[in-house]
1. Would it be correct to say that residue 11 is modelled with pLDDT under 95, assigned to a loop (DSSP other than H, G, I, E, B) and surrounded by 12 or more Cβ atoms within 10 Å (Cβ to Cβ)?
2. State whether the residues of region 61-70 include one that is surrounded by 15 or more Cβ atoms within 10 Å (Cβ to Cβ), on the phi < 0 side of the Ramachandran plot and over 13 Å from the mean Cα position of the chain (by Cα).
3. Can you confirm whether residue 53 is surrounded by fewer than 17 Cβ atoms within 10 Å (Cβ to Cβ), closer than 13 Å to residue 28 by Cα and touching a strand residue (DSSP E or B) at 6+ places or on another chain (Cβ under 9 Å)?
4. Which residue pairs have Cβ atoms under 6 Å apart, sit 6 or more places apart or on different chains, and have a first residue in region 66-81 that is in contact (Cβ under 8 Å) with a residue 40 or more places away in the chain and a second that is surrounded by 16 or more Cβ atoms within 10 Å (Cβ to Cβ) and assigned to a loop (DSSP other than H, G, I, E, B)?
5. So which pairs qualify, if the first residue must be in region 15-38 and on the phi > 0 side of the Ramachandran plot and crowded, with 20+ Cβ neighbours inside 10 Å, the second must be at pLDDT 95 or above and assigned to a strand (DSSP E or B), the Cβ gap must be under 8 Å, and the two must be at least 6 apart or on different chains?
6. Has region 15-26 got at least one residue that is in contact with a strand residue (DSSP E or B) (Cβ under 9 Å, 6 or more places away or on another chain), outside any strand (DSSP E or B) and at pLDDT 90 or above?
7. Return the residues of region 55-65 that are assigned to a loop (DSSP other than H, G, I, E, B) and without any contact (Cβ under 8 Å) to a residue 24 or more places away in the chain; say none if nothing qualifies.
8. In region 29-54, what residues are in a loop (DSSP other than H, G, I, E, B) and either in contact with a helix residue (DSSP H, G or I) (Cβ under 7 Å, 6 or more places away or on another chain) or within 20 Å of residue 10 (Cα to Cα) (or both)?
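The values are calculated or read from the model by the stated rules, or taken from the named source; none is laboratory data. Note that this is a predicted model, so its numbers are computed, not measured. Glycine also receives a Cβ, built like all others from the backbone with ideal geometry; neighbour counts cover every protein chain displayed.
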């Protein structure tokens, strides 16, 4: 998994992921409203099970249980949002 780089998602305040035991954990934080924002994840995570560990009410996720190949599209409907995902 790559290290954090602000270039990975210039709309985000923070966007990074790491392996933790047999899972991957994704962290996303922003301080602006976003519409149809794509979280681009490595293709190696495509099809893996997706669990929301934590999120603010302002983050709107599609009802999916697996990581789509095209990444995960979200909306943030206020001036900030936070999301933590577990991928197995």
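1. Values: modelled with pLDDT under 95: yes; assigned to a loop (DSSP other than H, G, I, E, B): yes; surrounded by 12 or more Cβ atoms within 10 Å (Cβ to Cβ): yes.
In short, yes.
2. No, there is no match, as no residue in region 61-70 is surrounded by 15 or more Cβ atoms within 10 Å (Cβ to Cβ), on the phi < 0 side of the Ramachandran plot and over 13 Å from the mean Cα position of the chain (by Cα).
3. Working: surrounded by fewer than 17 Cβ atoms within 10 Å (Cβ to Cβ): yes; closer than 13 Å to residue 28 by Cα: yes; touching a strand residue (DSSP E or B) at 6+ places or on another chain (Cβ under 9 Å): yes.
Against the criterion (surrounded by fewer than 17 Cβ atoms within 10 Å (Cβ to Cβ), closer than 13 Å to residue 28 by Cα and touching a strand residue (DSSP E or B) at 6+ places or on another chain (Cβ under 9 Å)), residue 53 qualifies.
4. 76/58; 77/58; 78/58; 81/58
5. none
6. Step one: list which residues in region 15-26 are in contact with a strand residue (DSSP E or B) (Cβ under 9 Å, 6 or more places away or on another chain), which gives 15-20, 23-26.
When the remaining residues are screened for being outside any strand (DSSP E or B), the result is none.
No; the residues of region 15-26 include none that is in contact with a strand residue (DSSP E or B) (Cβ under 9 Å, 6 or more places away or on another chain), outside any strand (DSSP E or B) and at pLDDT 90 or above.
7. Taking region 55-65 as the starting set, the residues that turn out to be assigned to a loop (DSSP other than H, G, I, E, B) are 56-58, 61-65.
57, 58, 61, 62, 63, 64, 65, listed by residue number.
8. Our first condition is that a residue be in a loop (DSSP other than H, G, I, E, B); within region 29-54, this holds for 31-33, 40-42, 46-48.
Listed by number, the residues that qualify are 31, 32, 33, 40, 41, 42.
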